[in-house]
Amino acid sequence: MKPLGKLRLGVNIDHVATVRNARGGAYPDPLRAAKLAEEAGADGITAHLREDRRHISDADIEGLMQVLSVPLNFEMAATEEMQRIALRHKPHAVCIVPEKREERTTEGGLEVAREENRLAGYIAPLREAGCRVSIFIAADARQIDAAHRIGAEVIELHTGAYCDAHAEGHFDARDAELERLRQMSAYAHSLGLEVHAGHGLNYETVAPVAAFPEVMELNIGHFIIGESIFRGLVPAIHEMRRLMDDARAPLSV
Ligand code: PXP
């Protein structure tokens, strides 16, 4: 199968804010990083306004809405406060993620199947406001079915288990995770959902996921921001873009 279209790269800038917040000042500025990422070819910027505001702040979201030329993918938990903020800014996309205060990062996908009715009501006004609603879930048919039933247009598949298995050298487990992601991308697409993927991707793990023809967007943050310490933000993004394009290229002919 040929890819369904160009694979978009969403650069997540949360961890520029993490470094800034370590000193409580204004430097380094996530908005400056976002503009640079745009210049480097990012197709979108992703930012997660967490309930505890540990990295991105309300002012960052306000600023991103004003300065960005590419779409903002606003990640948030399904709380009333976040819904109010999203409805005020009306970003291009809203990605609903699970959030626990004690976690270091978004550890699993959203349990859509368990809260279907609430989530259906929760995303309806966001969709009416023109936001593309995406649901961050594990590669699991139950969750995909539930995301489809509640009216989401997009799902983002959690690639964390695949990336962790790779990092730990558990290659059989990694390959099994990859196979699950591949099958569930195709399944979600067959239901009419747009498929995105992300979490934990780096130069070693990105290509097999980029090669799934149904995947339209990858959201990548921590690794790109980390790698930019060594090679600069623009070259770090260019290399990710190259790996994504190379993985996609053989499929396009
Ligand atoms: N996609 C979603 C929905 C996320 O929550 C995150 C982490 O904030 C990412 C992608 C990016 O993950 P990473 O920073 O590990 O690349």
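Report the Cα centroid-to-centroid distance between the range 6-50 and the range 143-168 in angstrom, as an integer. What the calculation gives is 22 Å, centre to centre. Remark: the chain carries 45 Å² of accessible area per residue (probe radius 1.4 Å; ligands, DNA and RNA excluded). Between the amide H of residue 135 and those of 96, 154, 155, 156, distances stay under 5 Å, these residues lying 5 or more places away or on another chain, with hydrogens modeled in the peptide plane. Taking GluC sites (Glu not before Pro) in DSSP loop conformation with at most 12 other Cβ atoms inside 10 Å as exposed sites, the chain has its longest uninterrupted site-free stretch at 1-101. Candidate cross-link partners of residue 6 among the aspartates and glutamates, defined by an alpha-carbon separation under 17 Å and a same-chain spacing of 8 or more, comprise 38, 43, 156, 194, 214, 217, 239, 245, 246. Size check on the range 29-183: the Cα extents along the three principal axes, sorted descending, read 45, 38, 30 Å.
Taking 0.36 nm per residue of separation and subtracting the current Cα-Cα distance, fully stretching the chain between residue 203 and residue 80 would add 40.6 nm.
In this structure residue 246 has an accessible area near 80 Å², from a 1.4 Å probe over the protein heavy atoms.
Multiplying each eigenvalue of the alpha-carbon gyration tensor of the range 1-112 by 5 and taking the square root yields semi-axes of 21, 19, 14 Å, largest first, rounded to whole angstroms. The largest accessible area among 18, 46 belongs to the first residue in 18, 46, and the rest follow in falling order (1.4 Å probe, all chains). With the whole protein complex present, residue 69 retains an accessible surface near 100 Å², based on a 1.4 Å probe.
Here the accessible area of the chain is 52 percent carbon and sulfur, with a 1.4 angstrom probe and all protein chains present.
With the simple model of a label 7 Å out from the Cα in the direction of the Cβ, residue 66 to residue 186 spans 4.9 nm.
In sequence order, the range 224-232 has phi-based couplings of 5, 5, x, 5, 5, 5, 8, 10, x Hz under the Karplus curve 6.51 cos²θ - 1.76 cosθ + 1.60, θ = phi - 60°, and Gly or Pro positions carry x.
GNM remark for the chain: springs join alpha carbons under 10 Å apart, and the peak mean-square fluctuation among 169, 108, 226 falls on 169. Could you tell me what % of all Cα pairs in the range 155-227 have separations over 18 Å? I get 33 percent for the Cα pairs in the range 155-227 exceeding 18 Å. Loop-resident trypsin sites (Lys or Arg not before Pro) (DSSP state other than H, G, I, E or B) in the range 82-162 with no more than 16 further Cβ atoms inside 10 Å of their Cβ: 100, 101, 104.
The values are calculated or read from the model by the stated rules, or taken from the named source; none is laboratory data. Please read these numbers as outputs of a predicted model, since none were measured by experiment. Glycine also receives a Cβ, built like all others from the backbone with ideal geometry; neighbour counts cover every protein chain displayed. Accessible surface is based on the protein model in full, side chains and every heavy atom, while ligands, DNA and RNA are left aside. Shrake-Rupley method; radii C 1.70, N 1.55, O 1.52, S 1.80 Å.
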